[in-house]
Amino acid sequence: MHTAHSQPLTLMVAFAHPDDETFGIGGTMARYGADPGVRVVLVCATRGEAGEISNPTLATPERLGEVREAELRCACRALGVDALHFLGYRDSGMAGTPQNLDPRALAMADPYEAVGRLVCHIRRERPHVVVTHDETGGYGHPDHIAVHYHAKAAFAAAADPAQYPEQIEAGLQAFQVPQLFFTAIPHRFFRALIDRLEALGREVPERLLQRREGPFGLPDDACTTDIDVRDFWTTKQEATHCHASQLNPDSVLALLPPEEMRELLTCECFQLAESIVGGEDGSHDLFTGLR
């Protein structure tokens with residue numbers, strides 16, 4: 001078994017779709033993307049083929065995967081991502097939709113094979129930290145939930161040379177990732193957003209009221225690590241604009257003007273799930289104990 005031992009530090013983010021990285025933790029990725037001592041790697045399970053199209057002039061359903069890949073590459077350049085990998089599955093769409101049953105969909109993937117693809121990227125990139133979706137997937141998307149479980153399994157399997165031995169035979173080495181984090185928007189964000197909308201006399205959408213206390217997102221006390229991203233808001237906005245096909249005017253993040261939303265999103269929330277270096281609660285750095 002091999003452990004992390006050399007610079008630069010590597011952050012691997014494993015998410016389901018293009019835009020998950022920016023809308024979710026774009027500030028954190030920009031912060032580490034600007035750090036010369038950190039290498040940022042993004043693994044994206046699908047190309048977002050089942051997403052809603054915000055403007056029909058931007059894409060057709062047939063071309064959406066191609067368009068969203070280009071949008072993701074634009075966002076990666078803005079955020080300072082050093083390497084982008086796709087797992088090669090198709091977007092499964094929301095639960096209960098016909099896309100769930102497409103044989104190419106992540107929802108239909110053999111879990112052992114999907115985990116193996118992630119293990120291969122972990123063994124190649126040798127990250128010090130892996131970040132993935134929390135178990136609710138943020139808002140229940142089946143692909144987010146699948147990536148959560150696959151990434152958890154890959155975190156364990158990558159360190160075991162008896163797992164996916166064909167990769168070892170091909171020249172890769174078993175690798176123990178020091179730390180695994182989950183990310184989600186904590187309930188405090190939704191409470192603050194509702195309070196702000198009510199203070200402004202604006203109608204609060206019912207879907208937002210339902211998020212005030214779950215079932216999606218993390219409870220406030222689950223946030224072990226808050227990353228201050230206020231200095232990277234402009235970069236996150238630049239990356240957000242790359243995802244033009246997904247910028248729906250009724251999204252939660254569009255309910256307030258950007259400057260007011262910035263005040264609500266000064267930190268991005270992470271939950272330390274696994275650590276072999278004793279990462280501390282209350283930290284403000286995903287690499288605590290590793291620098």
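The values are calculated or read from the model by the stated rules, or taken from the named source; none is laboratory data. Quantities reported herein were computed from a predicted structural model and do not represent experimental measurements. Positions of Cβ are generated from backbone atoms using ideal geometry, with glycine treated the same way; all protein chains shown enter the neighbour counts. Remember, those area values only see protein heavy atoms, side chains included, never the ligands or the DNA or RNA. Shrake-Rupley method; radii C 1.70, N 1.55, O 1.52, S 1.80 Å.
So if each residue of separation counts as 0.36 nm, and I subtract the Cα-Cα distance between residue 276 and residue 210, what length gain in nm does that give?
Result for the pair: 20.1 nm of gain on full extension.
Suppose we look only past 18 Å in the calculated P(r) of the range 21-120. What percent of the Cα-Cα pairs does that tail hold?
I get 55 percent for the Cα pairs in the range 21-120 exceeding 18 Å.
Measuring with a 1.4 Å probe in the full set of protein chains, what accessible area per residue, in whole Å², belongs to the chain?
Using a 1.4 Å probe on heavy atoms only, each residue of the chain averages 44 Å².
Label-point separation (nm) for residue 291 and residue 113, each offset 7 Å from Cα along Cα-to-Cβ?
Placing both labels 7 Å along Cα→Cβ, they lie 4.3 nm apart.
Given a Förster radius of 45 Å and the C-beta distance between residue 94 and residue 35 as r, what FRET efficiency does 1/(1 + (r/R0)^6) yield to the nearest 0.05?
For residue 94 and residue 35, the calculated efficiency is 0.80.
Counting only helical runs of four or more DSSP H residues, what would the 222 nm mean residue ellipticity of the chain come to if each run contributes -39,500 (n - 2.57) and the total is spread over all its residues?
Estimated from H runs of four or more residues: -10500 deg cm²/dmol.
Sort 74, 242 from largest to smallest accessible area, using a 1.4 Å probe on the heavy atoms of the protein chains.
So the residues, ranked largest to smallest area, are 74, 242.
Suppose the chain between residue 77 and residue 162 were pulled fully straight at 0.36 nm per residue; how much longer would it get relative to their current alpha carbon spacing?
Length difference between fully extended and current span is 26.9 nm.
In whole Hz, with x marking every Gly and Pro, tabulate ³J(HN,Hα) for the range 21-26 from phi via Karplus 6.51 cos²θ - 1.76 cosθ + 1.60, θ = phi - 60°.
Coupling constants for the range 21-26: 5, 7, 5, x, 10, x Hz.
In whole Å, what are the Cα extents of the range 183-258 along the three principal axes, biggest one first?
32, 31, 22
Please report, as a whole percent, how much of the solvent-accessible surface of the chain comes from carbon and sulfur atoms (probe radius 1.4 Å).
52
Return the label of the correct value of semi-axes √(5λ) of the Cα gyration tensor in Å, as calculated from the structure shown, out of [x] 29, 23, 18; [y] 37, 23, 16; [z] 57, 19, 14.
[x]
Provide the solvent-accessible area of residue 126, counting protein heavy atoms only and rolling a 1.4 Å probe, rounded to the nearest 10 Å².
Accessible surface of residue 126 is approximately 60 Å².
Antiparallel as a % of all DSSP beta bridges within the chain, to the nearest 5?
Of all bridge pairs located within the chain, approximately 25 percent are antiparallel.
Rg over Rh of the range 69-160, using C-alpha atoms and the Kirkwood radius, what does it come to?
Rounded to two decimals, Rg/Rh equals 0.97.
Using a basic spin-label model with each label point 7 Å from the Cα along Cα→Cβ, how many nm lie between residue 266 and residue 220?
Going by the 7 Å Cα→Cβ label model, 1.5 nm.
So which cysteines in the chain don't have a second cysteine's C-beta under 4.7 Å from them?
That list is 44, 76, 120, 267.
Roughly speaking, what is the stretch gain from residue 191 to residue 139, that is 0.36 nm per residue apart minus the C-alpha to C-alpha distance, in nm to one decimal?
The residue 191-residue 139 span can extend by a further 17.1 nm.
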